[in-house]
Amino acid sequence: MGYLSAPIRYMMENLNIEVIEPPPITRKTLELGTQHSPEGVCLPYKITMGNFLESLEAGADTLVTLCGAGKCRFGFYGAVQKTVLGKNRDIQFFTLDTEHLLRDLQRLLGKFAPKAGQLAIGRNIALTVHKLRALDAINEAKSFYGARAAVPQKTLDICEYGAGEIANCETFGEVIDTRDTVIDVMRSYEQPAAAPPKVAFVGEFYVLLEPYANRWLENELIKQGLEVKKFVYTGNWAYAKVLLQTLGIYNEEKEYLREARPYLNYHVGGDGLKSVGTTAWCASRGFAGVIHLFPFGCMPEVVAQYALKNLCEDYKLPLLTLSVDEHASDTGLFTRLEAFADCLKRKQSLTSE
Amino acid sequence: MPITVGIPRALLYHDFGELWHSFFSHLAVPVIVSEETNKRLLDRGTTLAVDESCLPLKLYLGHAESLLGRCDRLFVPRIVQHHQGFHFCAKFAGLPDIVRNTFHLPESKLISPVIQTGARSEILKAAAAAARSAGKTPWSGWRSYRSAYTAWAQARDREVPSGNAFTPRIAVIGHSYLLKDRFLCGDIFAVLKANSVTPVTDDEVPRRRLYQEAGHFAPDIYWQMAAKLAGSARYFAHHPAIAGLILVSSFGCGLDSLSLEYIEQQILGSCGKPYIVLNLDEHTGRTGIITRVEAFWDLVKWRRKLESNLPAYGLSQRPHPLYDGELEY
């Protein structure tokens, strides 16, 4: 999912665990996953199913995934995938409960790498979370400087190269140095011009973070000269789940709830409340528009959609709702995106005159 | 000026409607319930709802709209969790918000008590809140809830009559808001009855038994409604009087998309009984459903005829381990 895999692979290999990384997600992954999934299930299930099948083809015998009970379907993925994949196959299937991520991760790594001490495991987890947060930072910088660069593609390339460098860093200091260097290089391409329109990217976690699922929409927006602001990041999420929740000081939800009132007054599972909360936050902070992105049929985001419609109408905030499924072709999405970008730019030029 | 409360005849009304009715009648608050589902309500709901909503939610909005001009308050409870460890789907947790956003209603127009853990104290709090928004005292809310609940629970737990075990029976499994809606599922039952088959639903199974069966899938299934479905599927799949199973689902149902796959893999695939999954949507042509149910019944009949010509273990069980070839008919 997004840039989650590279640092995790590094961590596992550092602990002498043999890792088979699924091949990058392609059309084939999706088709394979869709073939082995129920028709009405949401896109992340189909993609992860494809990932599992491709890794099994590549010789993996142990699969690890996340789960966690709630109102959303995501927590049930593991149980169904385990049943389907375990048929006629001798595999081990592990699930990490998102409510106790640190505990489960420590146990799992302790099992796979019995020779490594708890200290080494703890250090490796910390380093991985640190790397993921550095990756968050360069991705945020990519969007900021990319939208202000003469040739946005260059900034995107720098970011991608930098991400590979960070994944292979060995110490905490090295991670910070690399991160700062990458951001400095990006900054050098900045053009002094008027601030580009800012667009908030809200919606479901997986499709926001996995570039294949959202068809590199973020990069596409940057190329259109829009600054993209995301509120979910892999590293931030890992940090909140591994550290803050273990310490019991994770109360992000309350803030979102305060923002989302009166449009949505309850946590509806998944990222539904977050989508509404962040959109309300953006509405009062001069954002030019909001893109709501989610997999087709996503239960929490459908509830959020009811709230977003009214919220954006009341605040006169342009809203583009995109739901993606396995049939999504790039052209359909990009046409809508270009039209939306044109609308925003036009609106900005009209109001600035 | 007395307040009239409107209750949409959709979603959890089919499970708890009687409880809600008697709660308000103990409170001496007049209640109106929307009419039975019809094409007009469904069409209105489909127009009002966000496209990707599931069929039952679209229906709910249609029902809610039909009540708007006729009552002072809408009763839209927010049910998040009723039993420890079991959740409801996101749409139940967000139902009052969905209704308010769709019709641009102020908070005061809704009576929406929150049930989020199923603890006794919390239910009493919810009853008090509901009474207060209906213009009554919290004390009368508690009293009404107590008497309503006692009567309702007694009626619910009474012995269920079991039908004649010698006539073939088909189990119909699905969420009660689908099965009990005559507009959506009436045809399924009518076709079965026309062929002199007795349909059975999980209403005829003691609740305790259902959840016992569901306990086999304990940590996996964490939705209450999916657990109930899996429990009844497991019960009926192993019940000797049941000749086949019809599973009813609706388009866009997030729970069913995964839990039916799970039920198929875990129970139905290996039980040897014929089963069919019927997916309902807002297209109201009746023929599609009727044809499929008839075809399914034909299949069950053939299977029963075949089985009577086969050795004692029948087709319903796996072939003998010594007999490892394909079964030839």
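Identify the single condition in (1) within 13 Å of chain B (Cβ to nearest Cβ); (2) surrounded by fewer than 16 Cβ atoms within 10 Å (Cβ to Cβ); (3) in contact with a strand residue (DSSP E or B) (Cβ under 7 Å, 6 or more places away or on another chain) that A:ARG336 does not satisfy, given that it satisfies every other one.
(1)
What residue, among those in region A:148-182 that are in contact with a helix residue (DSSP H, G or I) (Cβ under 8 Å, 6 or more places away or on another chain) and charged (D, E, K, R), is surrounded by the most Cβ atoms within 10 Å (Cβ to Cβ)?
Top of the filtered list is A:ARG179.
Condition (residue is part of a helix (DSSP H, G or I), under 28 Å from A:GLU99 (Cβ atoms) and in contact (Cβ under 8 Å) with a residue 12 or more places away in the chain) applied to region A:308-315: is it met by at least one residue?
yes
Here is a yes/no grid of residues against (1) among the acidic types (Asp, Glu); (2) over 16 Å from the mean Cα position of the chain (by Cα); (3) on the phi < 0 side of the Ramachandran plot; (4) not in a loop (DSSP other than H, G, I, E, B):
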residue	(1), (2), (3), (4)
A:GLY225	no, yes, no, no
A:LYS229	no, no, yes, yes
A:VAL232	no, no, yes, no
A:TRP237	no, no, yes, yes
A:ALA240	no, no, yes, yes
A:LEU244	no, yes, yes, yes
A:GLU253	yes, yes, yes, yes
A:LEU257	no, yes, yes, yes
A:LEU264	no, yes, yes, no
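If I filter region A:309-327 for residues that are assigned by TED's automatic domain parsing to the domain that holds A:VAL202, within 12 Å of B:ILE98 (Cβ to Cβ) and not acidic (Asp, Glu), do I get at least one hit?
yes
When you go through B:PRO113, B:PRO96 one by one, which is the residue that is in contact with a strand residue (DSSP E or B) (Cβ under 8 Å, 6 or more places away or on another chain) and at the interface with chain A (Cβ under 9 Å from one of its Cβ atoms)?
One residue alone meets the criteria, B:PRO96.
Here is a check on your reading of the model: is B:CYS71 away from chain A (no Cβ under 14 Å) and out of contact with any Leu (no Cβ under 8 Å at 6 or more places or on another chain)?
Taking the combined requirement at face value, the residue satisfies it.
Any chance you could count how many residues in region B:206-235 are over 25 Å from B:ASP187 (Cβ atoms) and either among the hydroxyl-bearing types (Ser, Thr, Tyr) or more than 13 Å from every other protein chain (Cβ to nearest Cβ) (or both)?
Selection size over region B:206-235: 13.
Report, by residue number, each residue of region B:236-254 that is more than 8 Å from chain A (Cβ to nearest Cβ) and closer than 24 Å to A:GLY86 by Cα.
If the condition is that a residue be more than 8 Å from chain A (Cβ to nearest Cβ) and closer than 24 Å to A:GLY86 by Cα, then B:ALA237, B:HIS238 are the ones that fit.
crowded, with 20+ Cβ neighbours inside 10 Å and among the charged types (D, E, K, R), is that true of A:LYS87?
Taking the combined requirement at face value, the residue does not satisfy it.
Okay, residues lined up against (1) touching a residue at least 24 places away in the same chain (Cβ under 8 Å); (2) under 30 Å from A:PRO300 (Cβ atoms); (3) outside the structural domain of A:ASP157 (by TED's automatic domain parsing); (4) of a type in the set (S, T, N, Q):
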residue	(1), (2), (3), (4)
A:SER188	no, no, no, yes
A:VAL202	yes, yes, yes, no
A:PHE205	yes, yes, yes, no
A:ALA213	yes, yes, yes, no
A:TRP216	no, yes, yes, no
A:LEU226	yes, yes, yes, no
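Take the residues in region B:260-277 that are more than 9 Å from every other protein chain (Cβ to nearest Cβ) and touching a Ser or Thr at 6+ places or on another chain (Cβ under 7 Å); name whichever of them is nearest to B:GLN224 (Cα to Cα).
So, considering only residues that are more than 9 Å from every other protein chain (Cβ to nearest Cβ) and touching a Ser or Thr at 6+ places or on another chain (Cβ under 7 Å), the one nearest to B:GLN224 (Cα to Cα) is B:VAL277.
What do you reckon, is B:SER257 within 14 Å of chain A (Cβ to nearest Cβ) and out of contact with any Asp or Glu (no Cβ under 6 Å at 6 or more places or on another chain)?
Yes: the conditions hold for B:SER257.
Suppose we keep only residues that are aromatic (Phe, Trp, Tyr) and more than 7 Å from every other protein chain (Cβ to nearest Cβ) within region A:249-280. Which one would you say is nearest to A:THR321 (Cα to Cα)?
Looking at residues that are aromatic (Phe, Trp, Tyr) and more than 7 Å from every other protein chain (Cβ to nearest Cβ), I get A:TYR256.
Within region A:45-63, which residues are within 14 Å of chain B (Cβ to nearest Cβ) and in contact with a strand residue (DSSP E or B) (Cβ under 8 Å, 6 or more places away or on another chain)?
Selection gives A:THR48 alone.
Being at pLDDT 90 or above and not assigned by TED's automatic domain parsing to the domain that holds A:ALA163 narrows it down to one residue among A:GLU39, A:GLU54, A:GLU13; which is it?
A:GLU54 is the lone residue from the list that is at pLDDT 90 or above and not assigned by TED's automatic domain parsing to the domain that holds A:ALA163.
State the number of residues belonging to region A:183-198 that are more than 19 Å from A:GLU220 (Cα to Cα) and surrounded by 13 or more Cβ atoms within 10 Å (Cβ to Cβ).
Looking only at that region, the number is 3.
The values are calculated or read from the model by the stated rules, or taken from the named source; none is laboratory data. Note that the structure is a prediction, hence the values are computed from the model and not measured. Heads up, the Cβs are rebuilt from the backbone with ideal geometry, glycines too, and the neighbour counts pull from every protein chain shown.
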